[in-house]
Number of protein chains: 2
Amino acid sequence: MSSSEPQEPSAPSSEPPSSDQSISKKAAKKEAMKQEKLRRRQETALASAASKLAVDEDDPLAGNYGDIPMEELQSKTPVDPSRWTRVENLEKSLEGKHVMIRGRAQAIRPVGKKMAFLVVRESGFTVQCLVQAQQDLVSVQMVKYAAALSRESVIDVEGLVSVPSEPIKGATQQVEVQVRKLYCVSRALPTLPINLEDAARSEAEIEKALQAGEQLVRVNQDTRLNFRVLDLRTPANQGIFSIQSQVENAFRQFLLSEGFRQIHTPKLIAGSSEGGAAVFRLDYKGHPACLAQSPQLHKQMAICADFGRVFEIGPVFRAEDSFTHRHLCEFTGLDVEMEIKKHYFEVMDIVDRLFVSIFDSLNQNCKKDLEAVAHQYPFEPLKYLRQTLRLTYEEGVQMLKDAGVEIEPFGDLNTEAERKLGQLVLEKYGTEFYILYRYPLAVRPFYTMPCYDNPQYSNSFDVFIRGEEIISGAQRVHNAEMLEKRAESCGIDVKTISTYIDSFRYGAPTHGGFGVGLERVVMLFCGLNNIRKASLYPRDPLRIAP
Amino acid sequence: MSSSEPQEPSAPSSEPPSSDQSISKKAAKKEAMKQEKLRRRQETALASAASKLAVDEDDPLAGNYGDIPMEELQSKTPVDPSRWTRVENLEKSLEGKHVMIRGRAQAIRPVGKKMAFLVVRESGFTVQCLVQAQQDLVSVQMVKYAAALSRESVIDVEGLVSVPSEPIKGATQQVEVQVRKLYCVSRALPTLPINLEDAARSEAEIEKALQAGEQLVRVNQDTRLNFRVLDLRTPANQGIFSIQSQVENAFRQFLLSEGFRQIHTPKLIAGSSEGGAAVFRLDYKGHPACLAQSPQLHKQMAICADFGRVFEIGPVFRAEDSFTHRHLCEFTGLDVEMEIKKHYFEVMDIVDRLFVSIFDSLNQNCKKDLEAVAHQYPFEPLKYLRQTLRLTYEEGVQMLKDAGVEIEPFGDLNTEAERKLGQLVLEKYGTEFYILYRYPLAVRPFYTMPCYDNPQYSNSFDVFIRGEEIISGAQRVHNAEMLEKRAESCGIDVKTISTYIDSFRYGAPTHGGFGVGLERVVMLFCGLNNIRKASLYPRDPLRIAP
């Protein structure tokens, strides 16, 4: 994706990288003001550039280039969209053919006054286009027009496909387009707040340049998010969100094939949801309400309503002040709930096969996307077994103890202990994906079924990828009286969840389920260092924009 | 789904049907108190019943029946779940085989002291089971236990499959199970707030009985929703939500096959979203925020971020006080946005093919579900053309005018006019699904692209099913300056949407899209009279529970 043109560092993105915790409101405001200033400057520049770019009316070839008039862009003329060739389809077999493409002017490199190279990008594929002055075909004014285009502008290019004798380094496609016509659909500001080349650069490239004495721009995480629309155009980000779409698709296809039905439960909840995590509160037509912190209660109610096996993909909301690399205030929950006949291992069996099928599908269907991510953010492919390893919580605690890490036997694992256990498991069993089950009851929510033989433990499990928790699941209490007692002993006002508890009085199947964060799956499969990279427009305690 | 046992009407659901508007808070509170009273009474009854049901310890066959002890239900013994035969798989080929099934005791009919019939339901399929006292096999105490089970309890039945000489009327499966063992997993309250037979009854059945002098219970819409977990168990409701799952699946599969990517945009939005519809407001870590009334702004920003073609399936929130049969405060939005080359007809082409493929897929894959719905709520199959009819707004207005209905030429159609036009279109063109395009600009949101030839019109469209609007779509303004002006002229504070508007300054493709309500698709395809029937747990201005 790199072009050979010289690259000026862009001003606002050149701060050193900062940790998430350091983003103060003041800094954000300062940044916003700086951007506003920059924008005004850019607009002035654009206006003056535009006048310079006006098509030379004395040019007899003036009809072959220029900005497409607004009224033409307002659906004036219907045209068969298949007349455009996609950049990814520009192959050597098209040599000599006339094509029309639409894409972004990723790079513009004038060579004297009679020639300009353009690199045009569409959906992550790029092609080199040559605008060269030629009698009766291409005027010098047209070359000037091409050279003056701003990068990232959307353009239509018409021309002949040629195959150069030498390989093309600056583009994905190995053909060149000899430009005959060139029109601009939408101009980008001449100076962008982030340069795509800067945003697409890996840490390794920056380090390497530094050793050679060159200081390259590093775009920090927060600047990326401030200008997310530009940041998302990098190959790594395009890859990340194709992978996300595929995770979701594989998740759904597997579950549909296993007889699960997709449901949608309400996000607007009376009272205070299921207790525990902090919730966002709001007024609902005069009633106190909150945003669902998970579809937990309603997906269980669907099981009570004879749905048998259900899943939901939807937003979940957490108002917690967690300033970590892996917490968001809003993320996409993948939730599953199912009847079980006898044992919560039936749920773990689904988790096992489901995730092996998701990982397989990513490795098979997302090769290019994974490469694009790894190019900027290098990672090793995830190690996982055909049948997922299962350890009891006690076994996990013992492994940690043997390695010198003491854990409260009925407490939870902290992040550090999870990491350490991940390492130990990898060394001993050769997998970065495993299930830890039979957790202490005290660290699980009230609706978790206690173990039959020891009520200090529960029929629950967590699942880990690369030493980080990714899935939480359990058998649920299906008996209304027991559920009521459990809720009370967890300090929950049972009146606020009475419709939920009542659901179990009309005959309730034994059941269990689990929940997964979509962004975490993507982050950990790709070994990304921050969940914000796996969220399209992340929301955290300090960010509610863009 | 009907059993032959006599049916007592259930007290709390016997009110006459009421319109949605009549649900007052006072009535809801009264209802809740009544329910609480009922529940307490039921619990006492249950406790005394349970003692009566205690297994007779003198019975040498006591091990063959009884309530499964709690510890056994707490995942004590793992058992291969495939040992259970699904009710839908109980066929004549299994004659003489020993099977184990799990389901609900839908009907219990004792015949003397030595025999009891059970109808067991699983996933909408039912089978008749016979518990008959037999020396050394089935004790009279076991028959008594069976007869005393409460309806809707979850039970395990083991027995031999037999094929009766006469067809079985009260069950879907044409075999009978000669019960050898009978265990209860979860008891339902002896008196349920809604009887399933009442809830599953059609208006026609009620009318027919009335003419024969019999007053059957009619469960009104609000009572259904109060006890949604029971209401959802009816065949019609099971069908409705299978259809909903299929609509979503067909929507997704079509779009994925056309190169669309699934995205997730935030529901927590700074400021006040896109203006227009009333929003739910909340405090986000000290900042004013609201719930997204649609993914409009963020899906357009994804297009600016080179996503090309995107769709989203997720909740959208409307705080409007709309007390109609077709408005909800929270529903599932199916949203699409895409680059266009030249004309917004490219978007309409997708709408056309997408919906024809959804309708085809429902008719092909959901036959049983559609029948189940039609059995309780009769409707005619939707009439639609292979290529969807397109009319301009002006043509629509003219058709109405010719029929004597006057419409403001630059206003919107009201519900009545939409209905009327639907009738006229059906008569003239034989379709209940059509597109009306080129709407007056004044009735469309600020981001809608005006027509090139007349700025009083816009490049927009609505789509109708059975005379009701179901889809709204348009070309969007992709030019930042024009967008800013349009927002200002619509009275929107552009500062609150500056990141959105700025997205168009970095080069913006021409694009368009549309939004659909999932529940409306289901409601109108099935000709249901109320959108609440197509929402799992509906939210309206008066309802935020269960």
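Miscellaneous remarks
- So residue B:342, is it of a type in the set (Lys, Arg) and closer than 17 Å to residue B:431 by Cα: no
- Pick from the range A:177-191, criterion open to solvent by 10 Å² or more (accessible area, probe 1.4 Å) and not in a strand (DSSP E or B), ranking: farthest from residue A:129 (Cα to Cα): A:191
- Hits in the range B:87-124 - residues which are within 13 Å of chain A (Cβ to nearest Cβ) and closer than 18 Å to residue B:181 by Cβ: B:87, B:100, B:101, B:102, B:103, B:104, B:105, B:108, B:120, B:122
- Checked across the range B:310-317, the condition of being touching a residue at least 24 places away in the same chain (Cβ under 8 Å), more than 9 Å from every other protein chain (Cβ to nearest Cβ) and either in a loop (DSSP other than H, G, I, E, B) or open to solvent by 10 Å² or more (accessible area, probe 1.4 Å) (or both) holds for no residue.
- Among the conditions (1) in a strand (DSSP E or B); (2) open to solvent by less than 70 Å² (accessible area, probe 1.4 Å), residue A:109 misses just one, which is (2).
- Boolean, residue B:391 is in contact (Cβ under 8 Å) with a residue 24 or more places away in the chain, under 36 Å from the mean Cα position of the chain (by Cα) and either assigned to a loop (DSSP other than H, G, I, E, B) or assigned by TED's automatic domain parsing to the domain that holds residue B:522 (or both): yes
- Residues of the range A:249-292 classified as in contact with a Lys or Arg (Cβ under 6 Å, 6 or more places away or on another chain) and more than 10 Å from chain B (Cβ to nearest Cβ), total: 1
- Any hit, the range B:476-483, residues being assigned to a strand (DSSP E or B) and either over 30 Å from residue B:525 (Cα atoms) or assigned by TED's automatic domain parsing to the domain that holds residue B:347 (or both): yes
- When A:492, A:465 are checked against the criterion of being at pLDDT 95 or above, among the β-branched types (Val, Ile, Thr) and in the same structural domain as residue A:372 (by TED's automatic domain parsing), A:465 stands alone in meeting it.
- Considering only residues in the range A:410-437 that are charged (D, E, K, R) and open to solvent by less than 50 Å² (accessible area, probe 1.4 Å), the one that is nearest to the chain's Cα centre (by Cα) turns out to be A:432.
- Scanning the range B:164-185 for residues that are over 32 Å from the mean Cα position of the chain (by Cα), of a type in the set (Ser, Thr, Tyr) and under 23 Å from residue B:152 (Cβ atoms) gives a single hit, B:183.
- Condition met for residue B:351 (more than 10 Å from every other protein chain (Cβ to nearest Cβ), assigned to a strand (DSSP E or B), within 30 Å of the chain's Cα centre (by Cα) and of a type outside the set (Asp, Glu)): no
- Search result, residues across the range A:321-341 that are over 25 Å from the mean Cα position of the chain (by Cα), outside any strand (DSSP E or B) and buried (at least 21 other Cβ atoms within 10 Å of the Cβ): A:340
- For the range B:89-106, a tally of residues being surrounded by 19 or more Cβ atoms within 10 Å (Cβ to Cβ) and not β-branched (Val, Ile, Thr) returns 6.
- Total residues in the range A:71-86 satisfying the condition of being assigned to a loop (DSSP other than H, G, I, E, B), within 8 Å of chain B (Cβ to nearest Cβ) and open to solvent by less than 40 Å² (accessible area, probe 1.4 Å): the figure is 4.
- Pairs are defined by a Cβ separation below 8 Å, a sequence spacing of at least 6 or placement on different chains, a first member in the range B:77-93 that is among the hydroxyl-bearing types (Ser, Thr, Tyr), and a second member that is outside any helix (DSSP H, G or I) and surrounded by 13 or more Cβ atoms within 10 Å (Cβ to Cβ); the pairs so defined are B:77/A:342; B:77/A:343; B:85/B:99; B:85/B:100; B:85/B:101.
The values are calculated or read from the model by the stated rules, or taken from the named source; none is laboratory data. What you are looking at is a predicted structure, and each value in this text was computed from that prediction instead of being measured. All Cβ positions, even for glycine, are placed from backbone atoms using ideal geometry, and neighbour counts span all protein chains on display. To get the accessible areas, we keep the full protein, side chains included, count just its heavy atoms, and leave off ligands, DNA and RNA. Shrake-Rupley method; radii C 1.70, N 1.55, O 1.52, S 1.80 Å.
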